[in-house]
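One structure is given here, and the rest of the page talks about it.
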Amino acid sequence: MANGINRVGDGWDIHSMRGIGIGEVIIGNVLRLHTGSSRIEVHSPAELTTDHEAVPVHASTRTNLDRLPQLLDQVVAEVHAADSGSLRVRFASGWRLDVPVSSDAFGWVIGLRGSSSIGSLPGGGVRMPDRPQA
């Protein structure tokens, strides 16, 4: 598929983000991670797993915000959007950012070069650039 989004067994891999470092971490009402010309926005609660711990993080409720700047310069090894609507971002260091399915809101959005985006749907599922929203 265009923009480096490839179908795999249980979802979608965003290959175009692999090997790129997180160049900017913006924490407001949502968490924004910028990688080159692409970005990951996390709107719902997530879990950050580091070498030593796994902690819940959430920008809008101000949960463990001190952990999020540590994502700066982390190199993306994998971005996987499951058909269920969950998102896994794995870094070369072994760290992970996991965003579970959000029952009543858009949990995450990935904006890719150009105007393409992929995102989760409230209650589960994935909105793709070539498929109308359900």
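The values are calculated or read from the model by the stated rules, or taken from the named source; none is laboratory data. Just so it is clear, the structure is predicted and the values come from calculations on it, not from any experiment. Cβ atoms come from the backbone with ideal geometry, glycine included; neighbour counts cover every protein chain shown. The protein model used for the area step is the full one, side chains on, heavy atoms only, and it has no ligands, DNA or RNA in it. Shrake-Rupley method; radii C 1.70, N 1.55, O 1.52, S 1.80 Å.
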* To do: With a cut-off of 16 Å, note down the residues of segment 74-95 whose backbone N falls inside the zone around a label point 7 Å from the Cα of ARG7 toward its beta carbon.
  => 81-84
* To do: May I ask you to order 91-101, 47-57 by the average number of other C-beta atoms within 10 Å around their residues, highest value first?
  => 91-101, 47-57
* Base-10 log of normalised Debye intensity for segment 1-71 (one unit scatterer per alpha-carbon) at q = 0.17, 0.20, 0.23, 0.28 Å⁻¹ -> -0.74, -0.94, -1.08, -1.20
* Asked: Which of the following values of percent of Cα pairs over 27 Å apart was calculated from the structure shown: (1) 21; (2) 11; (3) 26?
  -> (2)
* Show the residues, 5+ positions off or on another chain, whose built amide H is closer than 5 Å to the amide H of GLY124. => SER102
* Structure fact -> To the nearest Å², the heavy-atom accessible area per residue of the chain with 1.4 Å probe amounts to 47 Å²
* To do: Compute the relative contact order of the chain as a whole-number percentage, counting only Cα pairs closer than 8 Å that sit 6 or more residues apart in sequence.
  => 22 percent
* To do: Obtain the nm distance between the two label points defined at ASN29 and SER93 by a simple spin-label model: each point lies 7 Å from its Cα along the Cα-to-C-beta direction.
  => 3.0 nm
